[in-house]
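*Asks:* Got a structure for you, written out below as structure tokens; questions coming shortly.
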Amino acid sequence: MVLAGSYALVAAGLTLIYGVMRMVNFAQGQSVMIGAFVAFAGAPFIGYLPAIALAMVVNLGLGAILERTAFRPFRGAQLNGLIASMGMSIILINVAELVWGTTPRTFDTRFNQVSVTFGSIGVSEQRLLVIACSVALLLGLWWLVRYSSLGRQFRAVAEDPEIAAALGIDTNRISRASVVLGTSLAAAAGALSGPVNLISPAMGQAEMLNAFAAIILGGFGNVGGTIFGALLIGMAQSLAAVYISNAYSNSIAFAILVVTLIFFPRGLVPERTEENV
């Protein structure tokens, strides 16, 4: 469930950006990494929980920069935008290496020191925190997209940006909001899962790949399907790590993806326009 929560946050952010802009953010994995390092740097001074919020706020700025440099100039030219976001991901990795070095670090919190027992199974409070915060953030995103004024504008721009602009919606502002929100969700995933794993400038790549797998399984552009796909991928990896080998958990998860797509080419929850962001 910890893996599934992290993948769902990253994948939901990717889906939001793609749904509104029809562009893929390849720097989403680096938002995970930046979020983990910002929380790591801030936790000793302001505490771990405020550091999670700090990581999300910092990534609001990162998202605004990404939207202005890697997406807006290439709207309508998806390949160019894809290459630009890949370039930004490399830049962010190099910046992180200059600031924090390349050696993986341990990110310990007080929640890692306490376990909660369920029968004969002990689970650290940190893992429970990851699950609880992931659920809360995903529910918040669902409510925002479905019921808020901003969510209605998201859906309008996703369906037809030209008509949305004619109706008075600032499409640039809505596109920027989608990238800012999507990157902040990825930052939350990094800040939450960082204490469970080692953190390094290379982190985020596995989350990115698994988030893509979740999106494909759930139907590209479908937020609910994306969350379902993330749960499926996360559970498959966890079971594979326990009953087979941790070394093959990623391979087994992607084997499930391939087999699924053979029989369900459009994903387990096919994309439908009215369900899109």
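*Asks:* I'd like the residue in region 58-80 that is in contact (Cβ under 8 Å) with a residue 60 or more places away in the chain and open to solvent by 30 Å² or more (accessible area, probe 1.4 Å) and, out of all such residues, is nearest to the chain's Cα centre (by Cα).
*Replies:* Among those residues, the one meeting the criterion is L60.
*Asks:* Still on this structure, please answer the following. Which pairs do you get when a residue that is more than 19 Å from L9 (Cα to Cα) and open to solvent by less than 70 Å² (accessible area, probe 1.4 Å), found in region 136-158, comes within reach of a residue that is in a helix (DSSP H, G or I) and at pLDDT 90 or above, reach meaning Cβ atoms under 6 angstrom, with the pair 6+ apart or on two chains?
*Replies:* These pairs meet every condition: Q153/I174; A156/A164; V157/A164; V157/T171; V157/I174.
*Asks:* Could you run through region 40-55 and say how many residues are touching a residue at least 60 places away in the same chain (Cβ under 8 Å) and over 18 Å from T103 (Cβ atoms)?
*Replies:* 5
*Asks:* Can you tell me which residues in region 23-72 are part of a helix (DSSP H, G or I), touching a Phe, Trp or Tyr at 6+ places or on another chain (Cβ under 6 Å) and modelled with pLDDT under 90?
*Replies:* none
*Asks:* Across region 93-135, which residue is most open to solvent (accessible area, probe 1.4 Å) among those that are of a type in the set (S, T, N, Q) and touching a Gly at 6+ places or on another chain (Cβ under 7 Å)?
*Replies:* S115
*Asks:* Inside region 142-162, can you point out the residues that are among the small types (G, A, S) and part of a loop (DSSP other than H, G, I, E, B)?
*Replies:* S148
*Asks:* Give the residues of region 112-150 that are under 25 Å from I227 (Cβ atoms) and in contact with a strand residue (DSSP E or B) (Cβ under 7 Å, 6 or more places away or on another chain), sorted by residue number.
*Replies:* Selection gives V116, V123, S124, E125, L128.
*Asks:* Could you tell me whether A39 is within 15 Å of V180 (Cβ to Cβ) and surrounded by 23 or more Cβ atoms within 10 Å (Cβ to Cβ)?
*Replies:* Against the criterion (within 15 Å of V180 (Cβ to Cβ) and surrounded by 23 or more Cβ atoms within 10 Å (Cβ to Cβ)), A39 does not qualify.
*Asks:* Of the numbered conditions (1) small (G, A, S); (2) exposed (fewer than 15 other Cβ atoms within 10 Å of the Cβ); (3) within 20 Å of the chain's Cα centre (by Cα); (4) modelled with pLDDT under 90, G19 fails exactly one; give the number of that condition.
*Replies:* For G19, the failing item is (2).
The values are calculated or read from the model by the stated rules, or taken from the named source; none is laboratory data. All figures in this text were calculated on a predicted structure; none of them were measured in a lab. FYI the Cβ positions are ideal-geometry reconstructions off the backbone, even for glycines, and counts take in every protein chain you see. Areas reflect the complete protein model, heavy atoms only, side chains present, ligands, DNA and RNA absent. Shrake-Rupley method; radii C 1.70, N 1.55, O 1.52, S 1.80 Å.
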